[in-house]
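Notes to accompany the following structure.
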Amino acid sequence: MIPLAQPDLGAREEELVLEVLRSGQLSLGPMGERFEREFAAWLGVEDAVMTSSGTTALHLGVRALGWGEGDEVVTSPFSFVASANCLLYEGAKPVFVDVEEETLDLDPGAAADAVGERTVGLLPVHIFGFPAAMPELERLAERQGLGILEDACEALGAVDSEGAKVGARGNLASFAFYANKQMTTGEGGMIVPRDPGEAARLRSERNQGRAVDMGWLDHDRLGFNYRLSDLAAALGVAQVEKLDSLLERRASVARMYEERLAGLEGVRTPLAAHGSELRSWFVYTVRLPQDVNRDEVIRRLVERGVASKAYLPCIHLFPHLRELGYREGQFPVAEAAAADSLALPFFPAMAEEQVERVCQELAAALGQGS
Ligand SMILES: Cc1ncc(COP(=O)(O)O)c(C=O)c1O
């Protein structure tokens, strides 16, 4: 079976994990600090605060912005559910608007139209690693006095239209390191703060509301256990060290797909989108022709040893978000993408023959085999 995703782990990961094991300091140790330092240096930011997941990074970001009960935040329905849930945790309301056809990111025009009296912020999601229209969204935020939290969980390494790395524009931004991401710690996340005071608060809330100079049973605010272990941080250090090459290999697999899928009738590929060189390759997702039964394609691919996934469903249609009044038909661009997108196997170690096989099996499953 060719899997959908596969982490790239080697001798360096083993070496650093062993170093932590032998040190006996499994949490709040030097490896965690090193991971934060090296991640921040790679991204080109002053500081970064590691967390137990992308979701917990987002949650701390929402709290840092002070978004809560009665507040509305404009965000994307074409996302992973955590980008909306993090608002619900604090009693804030996600106000969904449609995405742009080509990038599948938050449409800045639609976002501007959705700003109302209760709007306090914008939560753009750099979906599938394609940078959202940050310059436009930042201008909107500036005009309306809104805060910004960037969900960059799928976009480590993306570069936006102004040449800035995603997450390095001075907004709060979250990253995630689940095993299918551009780099992994197994589970894990990172939040980029706007200033040192905010960083201290994020670190305190991550650690049960303890300030750095406090004892284990001292707490001066509400906090959570959103810490990441030093074992996971060791993986993070090793992965940051080779992040450039991991990203380059992902881009090269995407190029292989692009070449081999060119002849497939009706199949739209992600590289066809303009500005695709800005993308950090998280997944390789094609859009199938409308008359194709996607479930049937997935079934045929599994039979032939190729994993694939309907990716992504629209999040406004999940039961707990429908409760806010959301329904089918409200966001036609996002809903069309949710209906015809298919994620294909995609990971840095993917061999040319594997890409070739996936493409042949996809062609066969679509009745276009030779
Ligand atoms: C867009 C987006 N936001 C948030 C998350 C949440 O990250 P995690 O699974 O690490 O909590 C993910 C990862 O799955 C994601 O893709």
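The values are calculated or read from the model by the stated rules, or taken from the named source; none is laboratory data. Because the structure is predicted, anything quoted here is derived from the model rather than measured. So basically every Cβ, Gly included, is an ideal-geometry build from the backbone, and we count neighbours across all protein chains shown. In case anyone asks, the SASA skips ligands and DNA or RNA and just uses the protein heavy atoms, side chains included. Shrake-Rupley method; radii C 1.70, N 1.55, O 1.52, S 1.80 Å.
The set of residues in the stretch 1-43 being among the polar types (S, T, N, Q) and open to solvent by 60 Å² or more (accessible area, probe 1.4 Å) consists of Q6, S23, Q25.
Matching residues to (1) part of a loop (DSSP other than H, G, I, E, B); (2) at pLDDT 95 or above; (3) buried (at least 23 other Cβ atoms within 10 Å of the Cβ):
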position: G66; (1), (2), (3): yes, yes, no
position: V73; (1), (2), (3): no, yes, yes
position: S79; (1), (2), (3): yes, yes, yes
position: S83; (1), (2), (3): no, yes, yes
position: C86; (1), (2), (3): no, yes, yes
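Kindly indicate whether L312 is of a type outside the set (D, E, K, R), open to solvent by 30 Å² or more (accessible area, probe 1.4 Å) and closer than 23 Å to L156 by Cα. So L312 does not fit the description; no.
Only one of the listed residues (V212, V159) is within 16 Å of M50 (Cβ to Cβ) and more than 12 Å from the ligand (Cβ to nearest atom). That residue is V212. Residues in the stretch 47-64 that are in a loop (DSSP other than H, G, I, E, B), open to solvent by less than 10 Å² (accessible area, probe 1.4 Å) and touching a Lys or Arg at 6+ places or on another chain (Cβ under 7 Å): there are none. If you go through the stretch 4-58 and keep only what is farther than 18 Å from G186 by Cα and under 19 Å from the mean Cα position of the chain (by Cα), you end up with A40, W42, L43, G44, V45, A48. Apart from one condition, A173 fits all of (1) under 20 Å from S280 (Cα atoms); (2) out of contact with any Leu (no Cβ under 9 Å at 6 or more places or on another chain); the exception is (2).
The residues listed here are A339, A349, A343; of these, the one that is outside any loop (DSSP other than H, G, I, E, B) and either among the basic types (K, R) or open to solvent by 30 Å² or more (accessible area, probe 1.4 Å) (or both) is A339. Scanning the stretch 97-129 for residues that are under 18 Å from the mean Cα position of the chain (by Cα) and open to solvent by less than 10 Å² (accessible area, probe 1.4 Å) gives V99, D105, L106, L122, L123, P124, V125, H126, I127, G129.
Would you call L324 open to solvent by 40 Å² or more (accessible area, probe 1.4 Å), at negative phi and either modelled with pLDDT under 95 or part of a loop (DSSP other than H, G, I, E, B) (or both)? So L324 passes the test.
Filtering the stretch 182-205 to residues that are touching a Gly at 6+ places or on another chain (Cβ under 8 Å) and within 9 Å of the ligand (Cβ to nearest atom) leaves G188, G189.
Among the residues of the stretch 294-323, those that are over 19 Å from V283 (Cβ atoms) and not acidic (D, E) comprise R299, R300, R304, G305, H316, L317, F318, P319, H320, L321, R322. Kindly establish whether L106 is touching a residue at least 12 places away in the same chain (Cβ under 8 Å), touching a helix residue (DSSP H, G or I) at 6+ places or on another chain (Cβ under 9 Å) and within 16 Å of the ligand (Cβ to nearest atom). In short, yes.
Anything in the stretch 130-150 that is under 23 Å from the mean Cα position of the chain (by Cα), open to solvent by 30 Å² or more (accessible area, probe 1.4 Å) and within 26 Å of T56 (Cα to Cα)? List them, or say none. The one that is under 23 Å from the mean Cα position of the chain (by Cα), open to solvent by 30 Å² or more (accessible area, probe 1.4 Å) and within 26 Å of T56 (Cα to Cα): E138.
Within the stretch 43-57, no residue that is over 25 Å from G163 (Cα atoms) sits with its Cβ atom under 7 Å from a residue that is more than 16 Å from the ligand (Cβ to nearest atom) and open to solvent by 30 Å² or more (accessible area, probe 1.4 Å) at 6+ positions apart or across chains.
Checked against the criterion of being near the ligand (Cβ under 10 Å from one of its atoms), within 14 Å of S174 (Cα to Cα) and either not acidic (D, E) or not in a helix (DSSP H, G or I) (or both), the stretch 143-151 contains one or more residues that satisfy it. Within the stretch 26-36, not a single residue is within 16 Å of the ligand (Cβ to nearest atom) and within 29 Å of S308 (Cβ to Cβ). Just one of the listed residues (L271, L288, L321, L312) is farther than 30 Å from K93 by Cβ and touching a residue at least 40 places away in the same chain (Cβ under 8 Å), and it is L288.
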